[in-house]
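Bear in mind that the values in this text are calculations on the coordinates, not laboratory data. The structure displayed is predicted, hence computed values, not measured ones. Methodologically, a virtual Cβ is constructed for each residue, glycine included, from the backbone with ideal geometry; neighbour enumeration extends over all protein chains shown.
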Amino acid sequence: MDITALLLGTVVVGVAVYLIAMPLVQPVEESLVPEVDLDELDPIEKEKESVFTTLGEIEFDYQMKKLSEDDYQSLQNVYRRQAVSILKEEEGVLKAGAPVLEKAAVISDIEKEIEAEIEAEVRRLRQQKKDR
């Protein structure tokens, strides 16, 4: 075998091992999408999440034959009434609009800041390209 082929093969294998191993040894970057912590949700959102999760579990238990028809109907009625009540309460808050408008304003401001940063970066890159 030729020494050049042996060296080239060793380099190729080394690069492949490096590329495969690097993601395993590098520190993990924080997710760009923040996790939703139930403690951060407002009380209506927490209750809504809880009721809808319970409704799903009741349906699952019924499908798995863990609940009788009577128990299923009874539990479904109780939690559906709670869900309707929560949705009406949430709708009332939305109609009041104050908290929602504040959140919308904050989100709008953040979006404007991001767009301004992107535009500034694009202008800078275009200027660098012209200067070359």
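Some observations on this one:
- Site pair residue 113 and residue 50 shows an inter-label distance of 3.4 nm when each label is modelled 7 Å from Cα along Cα→Cβ.
- Order of 19, 67, 87 under a 10 Å beta carbon neighbour criterion, fewest first: 19, 87, 67
- For the pair residue 125 and residue 19, a Förster radius of 22 Å applied to the C-beta separation gives a FRET efficiency near 0.20, rounded to the nearest 0.05.
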